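Structure, as structure tokens:
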Amino acid sequence: MNIVVCVKQVPDPETPASQFAVDEAAKRVIPAQGIAPVVNPYDPQATEAALRLRDAAGEGTITVISLGPDSARDAIKHALAMGADEGILLSDPSFEGIDNFQTAAILAETIKKVGIPDLILMGRAAADWDMGVVPIGVAQLLDIPCVTVAKAVEVGDGNITVERVLDDGFETVETTLPAVVSVSNEFGEPRYPQLRQIMLAAKKNVEVWDKESLGLDPASVGSDNRLLALEALYVPKVESNVEVIQGDSPEEKARNLALKLREAKLI
Amino acid sequence: MSAILVIGELNEGVVASHTFELLAAARSLSDAGGGDVHALVPGDSSVGQSLFGGGADAVHVATNQLLQTELTVDAFLPPVLNVIENTGADIVLIAQTAFGRDFGPALAFNLKAAVAMECTGLTLDGGRLQATRACYGGSARAEVKWGSSVQIVTIKPKTLDALATDDSRSGEVTEVSEVGEARVKILGTEKAEATGIRLEDAEVVVSGGRGLGEPEAFGILEELGNLLNGATGASRAACDLGWYPPSQQVGLTGKTVTPNLYIAVAISGASQHMAGMSGSKNIVAINRDEDSNMVQSSRFAVIEDYKKVIPALIEEIKNLG
Ligand SMILES: Cc1cc2nc3c(=O)[nH]c(=O)nc-3n(C[C@H](O)[C@H](O)[C@H](O)COP(=O)(O)OP(=O)(O)OC[C@H]3O[C@@H](n4cnc5c(N)ncnc54)[C@H](O)[C@@H]3O)c2cc1C
């Protein structure tokens with residue numbers, strides 16, 4: 001069972017609003033002081049799914065791929081420390097500021113070079129742009145089926161059964177392998193790497209592939225070739241107009257709140 | 001000649017309410033010079049008729065039976081590509097449902113076009129679409145424009161109002177018979193048990209978070225919700241802990257709600273939660289932490305242990321009658 005897991009490094013989504021800032025001219029998020037970027041929160045779940053499937057099969061290789069700056073090596077190392085086998089970092093100055101169309105194309109190209117595995121796993125979306133487009137794009141480009149927002153996966157003989165999260169419940173679907181599956185938080189807690197595994201992973205080699213080694217057409221990558229142009233990026237303004245309900249006891253506050261709500265015709 | 005195409009969905013055999021919300025968005029783009037509003041929905045002519053009243057100028061129905069019972073991306077792509085080709089549609093509006101969030105990107109890659117997910121605030125600038133969308137978990141907003149000729153957009157249900165039905169509108173329904181081969185087979189679905197009012201339809205929503213400390217606390221929130229004729233929601237932290245079903249999760253990866261009154265109990269107000277409820281007309285926060293974002297974003301706040309406030313609040317509301 002050979003599996004590719006795609007992971008991404010993102011600014012910590014738990015960054016407090018007070019420390020989240022944007023460089024509007026550069027249309028980029030300013031890294032918050034003292035808050036390190038993290039592995040996209042859904043990606044360890046995708047890695048966890050890969051580990052369980054490989055271990056159930058008793059054989060196979062898990063290759064972790066990340067497209068990003070040099071620091072994205074940490075996202076790969078995290079997956080290696082969890083138990084993945086190999087890592088490839090896709091890094092090139094021209095990859096900065098590309099859109100998800102190009103990201104999917106570069107990932108698909110990489111996966112072809114590695115050799116199409118039995119299964120490609122990703123997180124359901126990246127916590128920076130919040131789009132969820134790349135898993136579907138990679139599947140379209142490789143012309144293989146895609147199942148998104150998985151809660152549970154089970155591999156059979158040449159096929160995969162996925163329980164996925166719907167707007168109002170769950171659905172069980174089946175498709176043939178190879179396929180792309182994106183994993184959601186409902187999958188459950190991923191394992192946390194132990195110190196020893198983190199140290200072993202630190203020593204593992206992560207290959208770095210750039211535009212040339214991937215053989216990409218230089219005219220097809222780069223922020224100038226975006227299909228979706230980013231015109232502006234900003235932090236929306238919020239003003240606080242809160243009225244804190246007063247009272248000497250919780251009961252009195254509750255009474256004053258009820259009266260306020262009645263006065264405002266909200267109840 | 002540009003045109004707008006709305007991709008409709010069915011809900012238990014009738015056109016889904018979010019399709020009418022998309023039609024309203026399409027109508028205003030049309031009024032701004034975006035071209036005629038076409039709508040495509042799986043079903044027969046009679047199903048399609050209702051789309052005129054919602055704002056469509058022309059209606060297309062994808063008649064293959066499979067699309068009406070088991071709508072999948074691969075099966076729906078050929079009829080949609082056909083209608084885009086025949087109408088010259090350069091703006092395609094899709095609902096951000098479990099289906100649409102897969103279909104939008106798949107369509108985009110088929111057309112070598114860009115897709116922007118969960119857009120708000122669509123405008124036309126020199127005939128080309130410009131959209132605003134939240135990103136970074138709701139902490140930032142991006143303005144985007146399309147470099148591709150076809151511009152694909154998804155819109156989250158309940159973020160727009162449908163137009164009042166105009167029965168005087170009518171037109172011709174075109175049938176499209178194509179269907180693609182479904183590569184993903186649906187083996188079964190499990191509906192979340194719906195008790196009481198649907199979260200998205202409720203005028204009052206009482207939601208609980210991790211600060212409740214225990215799953216049993218949702219009982220008292222449900223009591224308050226029922227008393228106010230409302231629904232009960234939860235933060236993702238509470239859902240991830242298994243305290244409440246994911247179908248009741250409010251936020252970026254859950255439901256979007258816009259009730260008249262949203263009571264947030266022991267929820268800190270992370271941007272990803274706010275993304276699903278900041279459109280509420282009135283927010284009330286019950287929280288121990290005055291500095292929390294939920295308190296700062298609310299109209300009224302009670303700074304207290306919820307355990308002491310909620311039972312008293314229920315009594316007071318009963319007393320007010
Ligand atoms: C990609 C991504 C997507 C996400 N999507 C969503 C989403 O859709 N919806 C969502 O909700 N979250 C989402 N999150 C998670 C989000 O970032 C927060 O972690 C989550 O919303 C926190 O939930 P909470 O407010 O219940 O918990 P906490 O942040 O832990 O807040 C608990 C609150 O309870 C208060 N409290 C504690 N005890 C009491 C008491 N006795 N009485 C009164 N108040 C008390 C505390 O003061 C605190 O404000 C997402 C995160 C990521 C990274």
message = Loop only by DSSP, 16 or fewer other Cβ within 10 Å of the Cβ. Give me the trypsin sites (Lys or Arg not before Pro) in the stretch B:235-321 that pass, ordered by residue number.
response = B:Lys281, B:Arg288
query = Two-decimal Rg/Rh of chain B from alpha-carbon positions, Kirkwood Rh?
reply = 1.02
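How much length is gained if the chain between B:Asp289 and B:Lys191 is pulled fully straight, taking 0.36 nm per residue apart and subtracting their Cα-Cα distance, in nm to one decimal?
Answer, rounded to one decimal: 31.6 nm.
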note = Nearest-0.05 FRET efficiency for A:Glu96 and A:Ile35 at R0 = 25 Å, using Cβ-Cβ distance, is 0.75
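Between Rg and the Kirkwood Rh of the stretch A:108-197, both from Cα atoms, what is the Rg to Rh ratio?
On the way: Rg = 13.9 Å, Rh = 14.0 Å.
For the stretch A:108-197, the value is 0.99.
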request  = Please report how many Lys pairs in chain B have alpha carbons closer than 25 angstrom, counting only residues at least 8 apart along the chain or sitting on separate chains.
outcome  = 15
key: Dipole axis of the stretch B:199-320 (+1 Lys, Arg; -1 Asp, Glu on Cβ), positive-most option in B:Leu320, B:Val257, B:Pro245   = B:Val257
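Could you work out the relative contact order of the stretch B:30-107? I mean the mean sequence separation of Cα pairs under 8 Å and 6+ apart, divided by the number of residues, in percent.
Values: 70 pairs, mean separation 19.1, N = 78.
After rounding, I find 24 percent.
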key: Dipole of the stretch B:107-202, positive direction: furthest Cα of B:Phe109, B:Val184, B:Ala162, with charges on the beta-carbon   = B:Phe109
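With N set to the residue count of the stretch B:3-176, report its C-alpha Rg divided by 2.2 N^0.38 Å to two decimal places.
Values: Rg = 14.8 Å, N = 174, 2.2 N^0.38 = 15.6 Å.
Relative to the rule-of-thumb radius for its length, the stretch B:3-176 sits at 0.95.
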query = What is the stretch A:86-182's relative contact order, in percent, from Cα pairs under 8 angstrom and six or more apart in sequence?
reply = 28
Using a Förster distance of 41 Å, the FRET efficiency for A:Ala152-B:Lys308 (Cβ separation, nearest 0.05) = 0.55
Trypsin sites (Lys or Arg not before Pro) restricted to the stretch A:157-238 and DSSP loop, no more than 11 other C-beta within 10 Å = A:Lys237
task = Mind running the shape call on the protein assembly as shown? Use the C-alpha gyration tensor, a ≥ b ≥ c as the square roots of the eigenvalues: rounded below 1.5 for a/c, prolate if a/b tops b/c, oblate otherwise.
result = oblate
remark   = Per the C-alpha gyration tensor (a ≥ b ≥ c, the square roots of its eigenvalues), the stretch B:199-320 is rounded if a/c is under 1.5, else prolate if a/b beats b/c, else oblate; here it's rounded
inquiry  = Starting from the 7 Å offset along Cα-to-Cβ, what nm value, one decimal, do you get for the label separation of A:Asp143 and A:Ala229?
reply    = 3.3
query = Once all Cα-Cα distances of the stretch A:2-225 are split into 10 Å bins that start at 0, what whole-number percent is in each one?
reply = 8, 34, 37, 18, 3, 0
inquiry  = For the protein assembly as shown, what does the helix formula give at 222 nm: sum of -39500 (n - 2.57) over DSSP H segments with n ≥ 4, over the residue count, nearest 500 deg cm²/dmol?
reply    = -8500 deg cm²/dmol
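Using Cα pairs under 8 angstrom and six or more residues apart, how large is the relative contact order of the stretch B:3-176, in percent? Mind dumping the intermediate values first?
Working: 373 pairs, mean separation 51.7, N = 174.
That works out to 30 percent.
Can you tell me what share of the DSSP beta bridges in the protein assembly as shown is antiparallel? A percent to the nearest 5 is fine. Can you show the working numbers first?
Values: 43 of 116 bridges.
Counting only bridges with both partners in the protein assembly as shown, antiparallel ones make up about 35 percent.
Grab the Cα-Cα distance for A:Lys265 and A:Val208, subtract it from 0.36 nm times how many residues apart they are, and report the gain in nm with one decimal. Can you show the working numbers first?
Details: separation 57, 0.36 × 57 = 20.52 nm, distance 6.21 nm.
Taking 0.36 nm per residue and subtracting the Cα distance, the gain is 14.3 nm.
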message = Let me confirm one metric for peptide B:79-85, namely the mean number of other chain beta-carbon atoms within 10 Å of its residues' beta-carbons.
response = 0
message = Per residue of the stretch B:262-276, what does 6.51 cos²θ - 1.76 cosθ + 1.60 with θ = phi - 60° give for ³J(HN,Hα)? Whole Hz please, x for Gly and Pro, Karplus curve as stated.
response = 10, 9, 9, 9, 6, 10, 6, x, 4, 3, 5, 7, 4, 4, x
request  = Please arrange B:Glu9, A:Glu14, A:Glu86 by counting, for each residue, the other beta carbons lying within 10 Å of its beta carbon, fewest first.
outcome  = A:Glu14, A:Glu86, B:Glu9
request  = Select from A:Pro190, A:Asn159, A:Thr176 the residue farthest towards the positive end of the dipole of the stretch A:153-212; place +1 on Cβ of Lys and Arg, -1 on Cβ of Asp and Glu, and compute about the Cα centre.
outcome  = A:Pro190
message = Which GluC sites (Glu not before Pro) in the stretch A:165-267 sit in a loop by DSSP (not H, G, I, E or B) and have at most 14 other Cβ atoms within 10 Å of their own Cβ?
response = A:Glu239
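No value in this document is a laboratory result; all are computed from the given coordinates. This structure is a prediction, so every number in the text was calculated from the model and none was measured. Because the Cβ atoms are built from the backbone with ideal geometry, glycine has one as well, and the counts that use them run over all protein chains shown.
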